[in-house]
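Quick notes on the structure that follows.
Values in this text are rule-based calculations from the coordinates and carry no lab data. Predicted, not measured: the structure shown is a model, and the values here were computed from it. Heads up, the Cβs are rebuilt from the backbone with ideal geometry, glycines too, and the neighbour counts pull from every protein chain shown.
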Amino acid sequence: MEEAPQLPIAADWFSLTWVTGRTAVLTEPHVDELLRAGLWYLRGRDRDLLVDTGNGIAPLAPVLARLARSGRPREIVCLCTHAHIDHIGGFGEFERRLLHPAEEELALQVRNDAPLSPALWSREILDQLAESGFVPPPVLVDAIPYPGFDPIEFRPARAAPTHFVQGGDEVDLGDRRFTVVDQPGHTPGSIGLIDHEERALISGDAVYDGGLIDTMPESDIAAYLKTMELLRRLDVDVVYPGHGWPFERARLREIAEQYLRERGG
Ligand SMILES: [Zn+2]
């Protein structure tokens, strides 16, 4: 038997950063960068929107409940930009779960059943990571959320969406509306959200400032090229990405153009 690593207990599993008065990003700082997604919390008048849910290692709903100024629980609409584990692990905690229909199968499959323990990953995934120069550490956390949590035994819960959304659909928070945009490529049903008022794109993994992943079995480079063509011309001021920090339109255009050059051939 392999011995469980001795890891410290984190005081707070999620870190929270407000980027505007009503838009914040949550991350899991004790999770390895590979699986450390940005979860976007968008506060509205009538309800709040959470875009992506992290790995499901520690409960997220109580963290959001503490953010409610009134002290009363607020209605939360939860949307996942796609069904990779670092985005959809906490999906099941929320009553209203929005996802693109092309992601449903991925949301329920257990391919990456032991996300924090690379020794248990499939050869296929490890080979793909090696191709992009990534050698995973033995466990993908440097702390645990509560006593007794075993990262090797951790198996994320799986939850089906309650509502399907796709390009053109709107999510209405009362005083704030978001339009869904289709961004296939990284996965078939990857979506983003446009906040027209803040002129922001919440982009998921379709675009962030780092190595983009388009070699998974569910990826499609031809579709990704079309998505990048759209993103290159998108009229927004800021991108709130699925990994890393926000960036401006000029950088969005650079990243899209670089992708088009490298993959467009
Ligand atoms: Zn992803």
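By its C-alpha gyration tensor, with a ≥ b ≥ c as the square roots of the eigenvalues, how is segment 1-107 shaped: rounded for a/c under 1.5, else prolate for a/b larger than b/c, else oblate?
Since a/c reaches 1.5 but b/c is at least a/b, the shape of segment 1-107 is classed as oblate.
For an R0 of 51 angstrom, estimate the FRET efficiency from the Cβ-Cβ distance between Asp175 and Ile125 and round to the nearest 0.05.
0.75
Residues of segment 152-196 with the amide nitrogen closer than 17 Å to a label point 7 Å from the Cα of Lys226, along Cα-to-Cβ, please.
166-169, 181-192
At what distance in angstrom do the alpha carbon centres of segment 154-186 and segment 81-112 lie from each other?
Each part reduced to its Cα centre gives a spacing of 10 Å.
At 7 Å along the Cα-to-beta-carbon direction for both Asp150 and Ala11, put a label point, then send me their distance in nm to one decimal.
2.9 nm
So, in nm, how far is label Gln166 from label Glu33 when the simple model puts each one 7 Å beyond its Cα toward the Cβ?
Distance between the two pseudo-spin positions: 3.6 nm.
Highest mean first, what order results for 140-149, 183-192 on Cβ atoms within 10 Å?
183-192, 140-149
What does the net charge come to around Asp175 if you take all other residues with beta carbon closer than 11 Å to its beta carbon, with K and R at +1 and D and E at -1? Kindly include the intermediate steps, with their values, before the conclusion.
On the way: positive: Arg22, Arg43, Arg45, Arg47, Arg176, Arg177; negative: Asp46, Asp172, Glu197.
Combined, the nearby Lys, Arg, Asp and Glu give +3.
Looking only at Phe134, Phe14, Phe154, which one moves most when the chain is put into a Gaussian network model with springs between Cα atoms under 10 Å?
The residue that fluctuates most here is Phe134.
Counting only residues 5 or more places away or on other chains, whose amide H sits under 5 Å from the amide H of Ile9 once H atoms are built in the peptide plane?
Distant-sequence amide H within range of Ile9: Ile144.
Under 5 Å between amide hydrogens, which residues at least 5 positions from Val77 or on another chain qualify, with H placed 1.01 Å from N in the peptide plane?
Result for Val77 returns Asp48, Leu49, Leu50.
Relative contact order of the chain, please, whole-number percent, based on alpha carbon pairs below 8 angstrom and at least 6 residues apart. Display every interim value, and only then the final one.
Working: 559 pairs, mean separation 42.4, N = 265.
Relative contact order of the chain: 16 percent.
Relative contact order for segment 28-119: what is it in percent, counting Cα pairs under 8 Å that are at least 6 residues apart?
Across segment 28-119, relative contact order equals 25 percent.
Based on DSSP, what percent of beta bridges with both residues in the chain are antiparallel, to the nearest 5? Each step should come with its number before you reach the end.
Numbers: 26 of 40 bridges.
Given both bridge residues lie in the chain, the antiparallel proportion sits at roughly 65 percent.
Which value in Å is the Kirkwood Rh of segment 155-237 over different Cα pairs?
Numbers: mean 1/r = 0.0720 Å⁻¹.
It is 13.9 Å.
Once fully extended, how much extra length lies between Arg74 and Glu104, figured as 0.36 nm per residue of separation less the alpha-carbon to alpha-carbon distance?
Full-extension gain reported as 8.2 nm.
Relative contact order (percent) for segment 157-264, with alpha-carbon contacts under 8 angstrom and 6 or more residues of separation?
Relative contact order of segment 157-264: 21 percent.
Using a Förster radius of 25 Å, what is the FRET efficiency between Arg96 and Phe134 based on their Cβ-Cβ separation? Nearest 0.05, please. Numbers along the way, then the final one.
Values: r = 35 Å, r/R0 = 1.38.
E(calc), rounded to 0.05, equals 0.15.
How much net charge surrounds Gly264 when only other residues with a Cβ under 13 Å from its Cβ are counted (Lys, Arg +1; Asp, Glu -1)?
0
Where Lys and Arg each count +1 and Asp and Glu each count -1, what net charge lies around Pro161 among other residues with Cβ under 15 Å from its Cβ?
Charge balance in the 15 Å sphere: -4.
Using only alpha carbons, build the gyration tensor for the chain and give me the equivalent ellipsoid semi-axes, biggest first, whole Å.
Ellipsoid half-lengths, sorted descending, are 27, 25, 16 Å.
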